[in-house]
Amino acid sequence: MFQVNQKVKTRDGRNARILCNDLCSFYSVVAAVMTDETEIIYYYDVDGKVNGYETPMDLIYEWENDKLLH
């Protein structure tokens with residue numbers, strides 16, 4: 001599960017940060033995703049999918065030297 005303040009990215013490489021992971025909704029993960037100069041709020045399911053299927057805006061964990069970043 002995605003954790004608040006965990007370093008994540010979107011599949012297309014945008015930096016993102018988890019704001020909430022317990023929203024009372026099917027899309028319970030709330031993340032701020034960086035665009036050119038601003039952050040946009042997106043809602044995700046527990047698997048990090050924005051629409052229930054794989055898209056470039058889905059969340060993925062950020063890794064460095066085979067270690068998960070927190």
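The values are calculated or read from the model by the stated rules, or taken from the named source; none is laboratory data. Since the structure is predicted, the reported quantities are computational estimates derived from the model, not experimental observations. Neighbour counts run over all protein chains shown; Cβ positions are idealised from the backbone, glycine included. Please note that ligands, DNA and RNA were not included when accessible areas were found on the heavy atoms of the full protein model with its side chains. Shrake-Rupley method; radii C 1.70, N 1.55, O 1.52, S 1.80 Å.
A few notes on this one:
- Identity of the residue in the stretch 47-59, aliphatic (A, V, I, L, M) and farther than 13 Å from Q3 by Cβ, that ends up modelled with the lowest pLDDT: V50
- Residues in the stretch 10-30 that are open to solvent by 60 Å² or more (accessible area, probe 1.4 Å) and not in a loop (DSSP other than H, G, I, E, B) were compared, and the one that is nearest to P56 (Cα to Cα) is N15.
- Within the stretch 31-46, if we keep just the residues that are over 16 Å from K7 (Cβ atoms) and not hydroxyl-bearing (S, T, Y), the residue that is most open to solvent (accessible area, probe 1.4 Å) turns out to be E37.
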